[in-house]
Amino acid sequence: MTNIAIIDECNGKFMGDIREHWGREGHTIRFGKYFDPKLVHWADVTFFDWAGNNVQRASHSDDSFWTTDPQPKNKIICLRAHDIDIWVGQHRNVDYSWINHLIFIAPHLMEKALSEIQIPENVKVHFIPHGINTKKFTFRKKERGKKIAFIGNICDQKKMENTLLILAELPRDYSLHVLGEHLGSWRKAYVDYFIRHNNLNVIFTERVESVNDFLEDKDFLISCSIKEGFGYVMGEAMAKGIKTLIHNFWGADQVWDGYPYIWNTISEAVKMILEDKYEPEIYRDYIIKNYPLDKMLKAYDELLKN
């Protein structure tokens, strides 16, 4: 069995299924939010999630982290880059001569990152798309209703305000259910005013114990995001059989290739909601076919071998 150290500045946000799988396989896992040289010396495999400060410092053998215990050279070192770490250029500060496996989760971001860095011959580059654990999301076959979900922090990237524009074009018996935080300052003033002025039915929830339970009575999920690497919540909603409408962010045509509900304009999104077609099995089958969890886990198992 393998000793695996996971270093993840986002506290395991996207590592849950992988970590649980490796534990079931009998591997010994230690987790750290911040880099600790002792973990790397203990581990056979070190997995850095995000190309952030942890791996930037760890990859440079002259960093002060290595003063007491020099950087080991006989370990398997994996780095998974995601999204914002690539956009802000953190991946450019890594010394890749220390890395064995460089993983990307989306083809558009892989293309962007590799155009900006030099990869030594010893580094193996992988595209491993996320997998959705459909067992955590109960399939719900039902007729279309009028409850729309929006899930995500209320920030510029997610463009929650565009969901209000969509809602304003729908009959007033439609309701919007927002799960997210950080609605503050001028944004709160605008949103409150828009809802009141247009007589919209909007319910805000900051946190829930279970996204699956939150989505149980919802009929649509709308993503208005202009930047995504993947968009887990979109796949999770589809896994429940919920009609999911995805704004055409850069890379959406690759990540969600063949999915019919990618919208460009407010009017397109409204039309997709109002149409009679509602096919829960199709939405779930898309996830089962394109983002199976087992395929992702097998790909990560391969990284442990060399």
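The values are calculated or read from the model by the stated rules, or taken from the named source; none is laboratory data. Model, not experiment: these values are computed from the prediction. Virtual Cβ from ideal backbone geometry, glycine too; neighbours counted across all protein chains shown.
From the list I148, I86, the lone residue that is surrounded by 16 or more Cβ atoms within 10 Å (Cβ to Cβ), in contact with a Lys or Arg (Cβ under 8 Å, 6 or more places away or on another chain) and not assigned by TED's automatic domain parsing to the domain that holds D17 is I148. Evaluate the following for E121: is it modelled with pLDDT of 95 or more and outside any strand (DSSP E or B)? Here the answer is no, as E121 does not meet what is asked. For the range 217-225, the criterion of being touching a strand residue (DSSP E or B) at 6+ places or on another chain (Cβ under 8 Å) and among the acidic types (D, E) is satisfied by at least one residue. Restricting attention to the range 124-161, the residues being at pLDDT below 95, part of a loop (DSSP other than H, G, I, E, B) and among the aliphatic types (A, V, I, L, M) number 1. Among the strands (runs of 3 or more DSSP E) confined to the range 185-277, the ones with at least 1 residues that are touching a residue at least 12 places away in the same chain (Cβ under 8 Å) and either among the aromatic types (F, W, Y) or exposed (fewer than 14 other Cβ atoms within 10 Å of the Cβ) (or both) are located at 201-205, 220-223.
Applying the selection to the range 91-118, what residues are closer than 23 Å to D44 by Cβ and of a type in the set (V, I, T)? Residues satisfying the conditions are V94, I99, I103. Going through (1) under 30 Å from E111 (Cβ atoms); (2) charged (D, E, K, R); (3) surrounded by fewer than 17 Cβ atoms within 10 Å (Cβ to Cβ); (4) in the same structural domain as K271 (by TED's automatic domain parsing) one by one, K124 falls short only on (4). F35 satisfies every condition listed in (1) touching a helix residue (DSSP H, G or I) at 6+ places or on another chain (Cβ under 7 Å); (2) within 20 Å of K298 (Cβ to Cβ) except (2).
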